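Just so it is clear, none of the values below were taken in a lab; they were calculated from the coordinates. These numbers were taken from a predicted model, which means no experiment stands behind them. So basically every Cβ, Gly included, is an ideal-geometry build from the backbone, and we count neighbours across all protein chains shown.
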Amino acid sequence: MARNVTTRHKISATVAAWIVALIIFFPILYTIITSIKTEPEAIAGFSLWPSGTFENYITVQTQRDYLKPFMNSVILSVGSTILALIIAIPSAWAMAFSPTKRTKDILMWMLSTKMMPAVAVLVPIYLLFRDFGLLDSRIGLTVMLTLINLPIVVWMLYTYFREIPGEILEAARMDGAGLWQEIVYVLTPMAVPGIASTLLLNIILAWNESFWTIRLSTTNAAPLTAFIASFSSPQGLFWAKLSAASTMAIAPILILGWFSQKQLVRGLTFGAVK
Amino acid sequence: MATQNTKTLARLMMAPSVLLLLVWMIVPLAMTLWFSFQNYNLLDPSNVSFTGLFNYQFFYTDPAFFQSIWNTLVIVGGVLLITVIGGIAIALLLDQPIFGQGIVRILIISPFFVMPPVAALVWKNMIMNPSYGVFADISKFFGLRPIDWFAQYPLFSIVIIVAWQWLPFATLILLTALQSLDGEQKEAAEMDGANFLNRFIYLVVPHLARSITVVILIQTIFLLGVYAEILVTTNGGPGYASTNLAFLIYRTALLGYDVGGASAGGIIAVVLANIVAFFLMRAVGKNLDR
Amino acid sequence: MGSITLQKVSKVFGEAKVIPSIDLEINNGEFVVFVGPSGCGKSTLLRLIAGLEDVSAGHILIDGKDVTDAAPAERGLAMVFQSYALYPHMSVRNNIAFPLKMAKLDKAIIDKKVADAARVLNLTDYLERRPSQLSGGQRQRVAIGRAIVREPSAFLFDEPLSNLDAALRGTMRLEISDLHHQLKTTMVYVTHDQVEAMTMADKIVVLNRGNIEQVGSPLELYKSPRNLFVAGFIGSPHMNFVTGTYAQSKNAKTAGIRPEHLGLSKDSGIWRGTVKVAEHLGADTFLHLDVEGIGQITARCDGEFGAYHGDTVYMTPDETKLHRFDDKGLALRA
């Protein structure tokens with residue numbers, strides 16, 4: 001009896017779950033479909049069957065120079081992430097393996113900086129950027145994104161590093177490994193999976209950051225967030241092109257995100273939920 | 001001695017990140033606090049003077065201020081309500097055995113990876129547009145008059161968009177928590193004669209309590225600062241109908257060029273965020289002792 | 001060579017004096033076991049010798065050379081950890097070779113030493129596997145292999161068998177003893193299991209609350225424990241302690257008699273008891289008895305004796321094997 005109930009239960013759960021999933025995914029799906037419609041089709045009423053043109057993608061590139069904000073997004077998100085990792089790895093290592101009484105306080109304090117509302121420092125940051133000539137510069141935005149995400153990077157690395165058993169590092173020490181060798185031969189290989197997921201999640205966060213990237217850039221350093229936001233005024237007639245631009249803006253990160261969903265939970269809850 | 005060296009080295013390794021964050025936190029915040037007591041307008045930068053609490057008073061007496069606080073609370077509260085309840089429901093559903101669970105998970109998590117401007121524009125144009133949007137098409141199909149979402153229900157529209165972005169986050173975290181529930185515990189409860197409802201109330205809800213707290217607190221931090229979604233949809237309007245505190249500060253600072261006023265608003269935002277942060281830190285901090 | 005000398009070594013963690021002050025001499029080639037209940041400081045003592053912890057005061061000498069301030073790697077010791085601490089991302093071969101690579105040995109020499117160690121430890125077929133693909137006993141042997149290739153002046157073992165199941169533990173005990181006979185290198189072994197201590201050690205160091213209670217060979221500790229703690233800790237089942245009139249009649253505060261030193265009879269003896277629980281192990285039977293005027297007594301008898309729950313049994317302590325303790329718990333010599 002129990003087995004029959006299970007199968008029926010599974011089928012009804014499957015149907016329900018797929019309906020929910022498709023509703024939630026629908027706006028993304030519809031954007032992708034619209035991106036391969038012609039402009040008249042795009043506003044011609046609900047239709048899931050596009051004519052399948054790729055012209056919008058070409059137009060977005062030729063008319064709006066899509067590649068430039070795309071490259072900016074890549075440079076900013078990857079650059080800021082690598083910079084954050086370089087700064088954070090030694091810190092997280094020290095906190096995980098040589099904890100002191102204050103380690104916990106330092107970690108909590110780092111987390112608290114993340115809670116400072118961005119608008120609260122908008123004015124001084126804007127003025128500082130203006131005075132130092134950093135407005136609309138890739139360097140300025142990279143530094144900004146690095147600092148914004150640094151606490152999360154330290155935290156994620158810390159939770160990963162803490163899972164490496166201390167006995168293994170002691171074993172390496174007994175085996176004659178110096179600090180440098182300990183890092184190169186033992187710690188790094190064991191930490192690589194954690195570092196990789198930290199990298200992935202941070203690229204996603206940096207790619208989608210939409211306050212500072214929009215406010216501190218205009219044209220030269222503008223990443224995709226600012227590029228897409230600039231589409232907000234012209235309505236109606238450009239939907240297919242907007243969809244094509246949107247699809248290209250979210251596709252790479254969507255795919256990265258699918259790979260990192262497990263680490264996402266851990267990273268965004270600062271290890272509170274695993 | 002050996003470990004003494006290690007300790008010194010550990011401090012050195014921590015120094016860069018600690019110093020950077022310290023500077024990044026203190027310098028701008030101190031400047032904001034300083035500006036908030038100044039009469040400082042970017043259009044007239046030579047004429048800066050001390051005004052005491054005038055900026056706070058100005059901000060406080062501005063009717064837009066209270067509306068923006070209210071709107072902030074509505075956005076935070078509305079999104080939390082939708083995402084937590086929806087998140088629990090969907091997490092419970094996904095915790096069942098399902099065909100194609102991997103794909104379902106991927107579909108449901110996807111909105112979280114969509115950058116806010118894209119999410120807002122897609123909803124604004126493709127879904128909620130009163131003439132050509134999918135909602136309008138559905139209304140027409142049933143012979144109803146389409147709703148002009150952003151004109152009639154600007155705040156609610158923004159809540160829907162933001163909730164769509166955060167629902168995956170809540171779902172994913174609650175699902176993770178749900179899956180960490182000990183299977184033997186469930187079996188023991190079944191042996192003890194607890195039905196599904198009883199198991200949900202006495203086993204699942206207490207188990208999820210901490211994760212729900214974490215979801216609420218983390219989302220609140222982000223929801224207090226909703227910005228891009230407002231910028232590309234309603235631009236805060238009509239009037240101040242969909243202006244939250246973050247957006248009001250941006251308007252005051254970069255559209256009104258009023259550095260002093262915006263800074264006063266910023267300090268108020270810091271105070272608000274700190275109240276939430278206090279509780280979040282306690283929830284996360286407890287976890288550290290484990 | 002591998003003699004280790006501890007001179008007034010102490011270790012303080014914050015407020016807690018884990019080890020007040022210890023003097024100890026470990027001779028070259030000895031198999032020394034530190035044994036004691038959990039929290040007695042035995043692991044800390046081992047880690048102090050290893051150099052993984054700094055001593056708070058005192059000196060540690062290896063082969064007469066003061067190594068108190070030397071880094072772990074400079075002490076010429078090898079350690080086998082409780083969790084084995086194998087490098088999960090390296091093959092068995094690379095795990096064993098790691099200390100040799102750190103010592104920058106020639107590749108040909110490394111290969112030969114790894115092959116030799118693998119042969120000794122029956123790991124030859126597993127050299128290319130990862131630790132996660134090995135059983136508990138195999139991992140244990142890899143950890144030992146990593147230690148022996150270094151040809152250390154002494155081996156340190158930190159509860160190496162506690163993660164293994166009972167059967168495997170017995171086998172590994174033999175293998176480690178065997179290894180000691182082959183290598184004749186000093187071994188310092190930490191355990192909370194007195195059976196491991198008794199079966200493997202040349203010399204047992206019984207620790208309690210950071211102090212050495214007694215140092216001696218297994219049989220010395222068994223035959224003449226210096227105090228109540230050692231008497232109670234060494235031997236299984238534990239020694240029976242009897243106070244009151246019986247002890248007084250022997251001019252002692254406490255009299256101790258091991259379960260195996262009680263003569264049992266079904267009809268006569270100086271103590272009369274009722275069997276509460278009889279544990280039949282086959283060759284032996286352990287009887288847990290309620291004895292009139294004495295209290296709880298454990299007795300060991302032949303498996304053929306045939307006593308069951310509720311039976312009445314008479315006991316006569318073997319007076320030549322009786323242990324007597326004064327009111328400070330110290331052993332009284334005859």
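Which value in Å does the Kirkwood hydrodynamic radius of the protein assembly as shown take, with 1/r averaged over all unlike C-alpha pairs and then inverted?
Values: mean 1/r = 0.0303 Å⁻¹.
Value: 33.0 Å, from the Cα pair sum.
Which whole-Hz ³J(HN,Hα) couplings does the stretch A:244-258 yield from phi under the Karplus relation 6.51 cos²θ - 1.76 cosθ + 1.60, θ = phi - 60°, glycine and proline marked x?
After applying 6.51 cos²θ - 1.76 cosθ + 1.60, I find 5, 5, 5, 4, 5, 6, 9, 4, x, 6, 4, 5, 4, x, 4 Hz.
Anything over 25 Å Cα to Cα? Flag those among C:112/C:184; C:203/C:321; B:7/C:11; C:184/C:223; C:11/C:65; C:11/C:253, in the order listed. If you can, show how the numbers build up before the last one.
Details: C:112/C:184 21 Å; C:203/C:321 22 Å; B:7/C:11 18 Å; C:184/C:223 27 Å; C:11/C:65 20 Å; C:11/C:253 34 Å.
Cα-Cα > 25 Å for C:184/C:223; C:11/C:253; rest within.
Helix-only estimate, please: 222 nm mean residue ellipticity of chain B, summing -39500 (n - 2.57) across DSSP H runs of length 4 or more and dividing by its residues, to the nearest 500.
Working: 14 runs with 202 residues, N = 290.
Per the formula, -22500 deg cm²/dmol.
Tell me, what is the percent relative contact order of the stretch C:238-332, built from C-alpha pairs under 8 Å that lie six or more residues apart? Walk me through the numbers before you get to the answer.
Numbers: 209 pairs, mean separation 32.7, N = 95.
Answer for the stretch C:238-332 is 34 percent.
Can you tally the net charge around residue C:166? Count Lys and Arg as +1, Asp and Glu as -1, for every other residue whose Cβ sits under 14 Å from the Cβ of residue C:166.
Details: positive: C:169, C:173; negative: C:165, C:193, C:196.
Net local charge, residue C:166 excluded: -1.
Given contacts defined as C-alpha pairs under 8 Å and at least six residues apart, what's the relative contact order of chain A, whole-number percent?
Numbers: 264 pairs, mean separation 85.6, N = 274.
Relative contact order comes out at 31 percent.
So what is the relative contact order of the stretch B:1-74, in percent, for Cα pairs below 8 Å that sit 6 or more residues apart? Display every interim value, and only then the final one.
Details: 28 pairs, mean separation 12.2, N = 74.
The value is 16 percent.
Using only DSSP helix segments of four residues or longer, with each worth -39500 (n - 2.57), what per-residue ellipticity at 222 nm results for chain C after dividing by its residue count and rounding to 500? Could the numbers behind the result be given before it?
Numbers: 9 runs with 89 residues, N = 334.
Taking each H run of at least 4 residues, the total per residue is -8000 deg cm²/dmol.
222 nm [θ] for chain A, helices only, -39500 (n - 2.57) per DSSP H run of 4+, per residue, to 500? Write out the running numbers ahead of the final one.
Values: 13 runs with 195 residues, N = 274.
Calculated from helices alone, the mean residue ellipticity at 222 nm is -23500 deg cm²/dmol.
Once the Cα atoms of chain C are picked out, what are the Rg and Dmax in Å?
23.4, 75
Give me the angle, in degrees from 0 to 90, between the Cα long axis of helix C:92-102 and the longest principal axis of the Cα atoms of chain C, rounded to the nearest 10.
70
Taking square-rooted eigenvalues a ≥ b ≥ c of the alpha carbon gyration tensor, is the stretch B:63-289 rounded, prolate or oblate, where a/c under 1.5 means rounded and, failing that, a/b exceeding b/c means prolate? Walk me through the numbers on the way to the answer.
Numbers: a/c = 2.67, a/b = 1.41, b/c = 1.90.
Oblate shape, in that a/c is at least 1.5 and b/c is the bigger or equal ratio.
Between C:109, C:294, C:22, find the one with the highest GNM mean-square fluctuation for chain C; connect C-alpha pairs within less than 10 Å.
C:109
Which of the lysines could a cross-linker bridge to residue A:241, judged by Cα under 20 Å and excluding same-chain residues fewer than eight apart?
Qualifying lysines at Cα under 20 Å: A:37, A:68, B:124.
How much FRET efficiency would the formula 1/(1 + (r/R0)^6) give for residue B:140 and residue A:97, where r is the Cβ-Cβ distance and R0 is 45 Å, rounded to 0.05? All intermediate terms of the calculation are to be shown ahead of the outcome.
Values: r = 64 Å, r/R0 = 1.42.
Between residue B:140 and residue A:97 the formula returns 0.10.
Order these by the 10 Å Cβ neighbour count, fewest first: A:109, B:149. Working shown, then result.
Numbers: A:109 16, B:149 24.
Neighbour counts put them in this order, fewest first: A:109, B:149.
List the aspartates and glutamates whose Cα lies under 14 Å from the Cα of residue A:114, skipping any in the same chain that are fewer than 8 positions away.
Reachable aspartates and glutamates: A:209.
What is the sum of charges around residue A:47, taking Lys and Arg as +1, Asp and Glu as -1, for the other residues whose C-beta is under 10 Å from the C-beta of residue A:47? Write down the numbers at each step before the final one.
Details: positive: A:37; negative: A:41, B:137.
Result for the neighbourhood of residue A:47: -1.
Taking 0.36 nm per intervening residue step and subtracting the Cα-Cα distance, what contour gain separates residue B:96 from residue B:278 on full extension? List each step's numbers first, then the result.
Values: separation 182, 0.36 × 182 = 65.52 nm, distance 3.58 nm.
Gain on extension, residue B:96 to residue B:278, equals 61.9 nm.
What average count of beta carbons from other chains do you get within 10 Å of the Cβ of residues in A:143-149? Don't jump to the answer; show the numbers that get you there.
Details: counts 2, 1, 0, 2, 6, 1, 0.
If you average over the peptide's residues, the count of other-chain Cβ atoms is 2.
Which residues' amide hydrogens lie under 5 Å from the amide hydrogen of residue C:34, considering only partners 5 or more residues apart or on another chain, with H built in the peptide plane?
C:189, C:190, C:191, C:205
Determine by what factor the alpha-carbon radius of gyration of the stretch C:238-332 differs from 2.2 N^0.38 Å, reporting the quotient.
Details: Rg = 13.2 Å, N = 95, 2.2 N^0.38 = 12.4 Å.
After normalising by residue count via 2.2 N^0.38 Å, the value is 1.06.
³J(HN,Hα) across the stretch C:148-157 via Karplus (A = 6.51, B = -1.76, C = 1.60, θ = phi - 60°), whole Hz, x for Gly/Pro?
With the stated coefficients, the stretch C:148-157 comes to 6, 4, 6, 6, x, 6, 7, 9, 10, 10 Hz.
Multiply the residue gap between residue C:133 and residue C:284 by 0.36 nm, knock off their C-alpha separation, and tell me the result in nm, one decimal place. All intermediate terms of the calculation are to be shown ahead of the outcome.
Numbers: separation 151, 0.36 × 151 = 54.36 nm, distance 3.95 nm.
Here the answer is 50.4 nm.
Give the lysines whose C-alpha is closer than 28 Å to that of residue B:186, dropping any in the same chain fewer than 8 places away, or say none.
A:10, A:262, A:274, B:286
What does the average come to when, for each residue of peptide C:69-81, you count the partner chain Cβ atoms lying within 10 Å of its Cβ?
On the way: counts 2, 2, 9, 9, 9, 2, 1, 1, 1, 4, 6, 2, 7.
That average works out to 4.
Highest GNM mean-square fluctuation, chain B, Cα pairs closer than 10 Å: which of B:79, B:271, B:232?
B:271
Enumerate the amide H contacts of residue B:39 below 5 Å, restricted to partners 5 or more residues apart or on another chain; note that Pro and chain-start residues carry no placed amide H.
When sequence neighbours closer than 5 places are left aside, the close amide H contacts are B:49, B:50, B:51.
Just C:283, C:78, C:115 to compare: in a GNM of chain C, with alpha carbon springs under 10 Å, which one fluctuates most?
So, out of C:283, C:78, C:115, the one fluctuating most is C:283.
Calculated FRET efficiency, residue B:81 and residue B:48, Cβ-Cβ r, R0 56 Å, to nearest 0.05? Intermediate results must be reported in sequence, preceding the final value.
Working: r = 44 Å, r/R0 = 0.79.
Step by step, r from the Cβ atoms, then E = 0.80.
What is the packing order of peptides C:188-196, A:161-169, taking the mean over residues of other C-beta atoms within 10 Å and listing the highest first?
C:188-196, A:161-169
Output the peptides B:51-60, B:198-207, B:87-96 sorted from most to least packed, where packing is the average of other Cβ atoms within 10 Å over each peptide's residues. Can you show the working numbers first?
Values: B:51-60: 16.6, B:198-207: 14.4, B:87-96: 20.1.
Ranking, from highest mean packing down: B:87-96, B:51-60, B:198-207.
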